[in-house]
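The values are calculated or read from the model by the stated rules, or taken from the named source; none is laboratory data. The model shown is predicted, which means the values in this text are computed figures rather than measured ones. Neighbour counts are summed over all protein chains in view; Cβ atoms, including those assigned to glycine, are modelled from backbone coordinates with ideal geometry. These accessible areas exclude ligands, DNA and RNA; they are computed on the full protein's heavy atoms, side chains included. Shrake-Rupley method; radii C 1.70, N 1.55, O 1.52, S 1.80 Å.
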Amino acid sequence: LTLLDETKVKMNSVKGNPIYIYEKCTSEGFKLIGNFISARRAGKFLDISGSTVIKYMNSGEIFKDRYKFSSK
């Protein structure tokens with residue numbers, strides 16, 4: 001991590017909107033599998049766009065019948 005990258009991470013964590021990704025599990029409903037400082041980072045994790053993450057998070061729909069996105 002360069003100093004510039006470190007600064008970007010700090011700035012994003014202050015002004016960014018954290019995104020939490022939950023994965024559907026058979027017995028206990030959904031389980032948290034990751035939290036990210038932005039929708040873009042969350043999207044990168046699942047190889048989708050940040051706007052897709054936001055769309056599904058706002059609608060409350062489950063992505064690919066497997067993932068749920070939340071800001072809490």
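Let me know the Kirkwood hydrodynamic radius for the stretch 19-72, please, with Cα pairs as the basis and the value in Å to one decimal. Provide the component values of the computation, followed by the final result.
Working: mean 1/r = 0.0924 Å⁻¹.
Evaluated over the stretch 19-72, this radius sits at 10.8 Å.
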Tell me, what ³J(HN,Hα) does each residue in the stretch 53-65 have, in order and in whole Hz, if you take phi through Karplus 6.51 cos²θ - 1.76 cosθ + 1.60 with θ = phi - 60° and put x for Gly and Pro? 4, 5, 4, 5, 5, 5, 7, x, 6, 9, 6, 6, 6
For the pair ILE62/ASN35, report the inter-label distance in nm, with labels modelled 7 Å from Cα in the Cβ direction. 2.3
Which residues qualify? For SER38, with a placed amide H closer than 5 Å and at least 5 residues away or on another chain, they are ILE19
SER70 versus SER27, label points 7 Å from Cα toward the beta carbon: distance in nm? 2.0
Whole-Hz ³J(HN,Hα) from phi, Karplus 6.51 cos²θ - 1.76 cosθ + 1.60, for the stretch 17-32, glycine and proline x: 10, x, 10, 10, 10, 10, 10, 5, 10, 5, 8, 9, x, 10, 10, 5
Skipping prolines and chain starts, which residues have an amide H placed within reach, meaning under 5 Å, of the one on ILE48, given they are 5 or more residues away or on another chain? none
What figure, in Å² to the nearest 10, do you get for the accessible area of GLU28 with a 1.4 Å probe and non-protein molecules left out? 110
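Quickly rank 32-43, 50-61 as a protection proxy: mean count of other C-beta atoms within 10 Å, highest first. Before the final figure, lay out the partial values.
Working: 32-43: 17.5, 50-61: 14.8.
Top of the packing list down: 32-43, 50-61.
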Once the dipole of the stretch 14-57 is set up from charges on Cβ (+1 Lys and Arg, -1 Asp and Glu), the residue from the list TYR22, GLY50, GLY34 lying farthest towards its positive end is GLY50
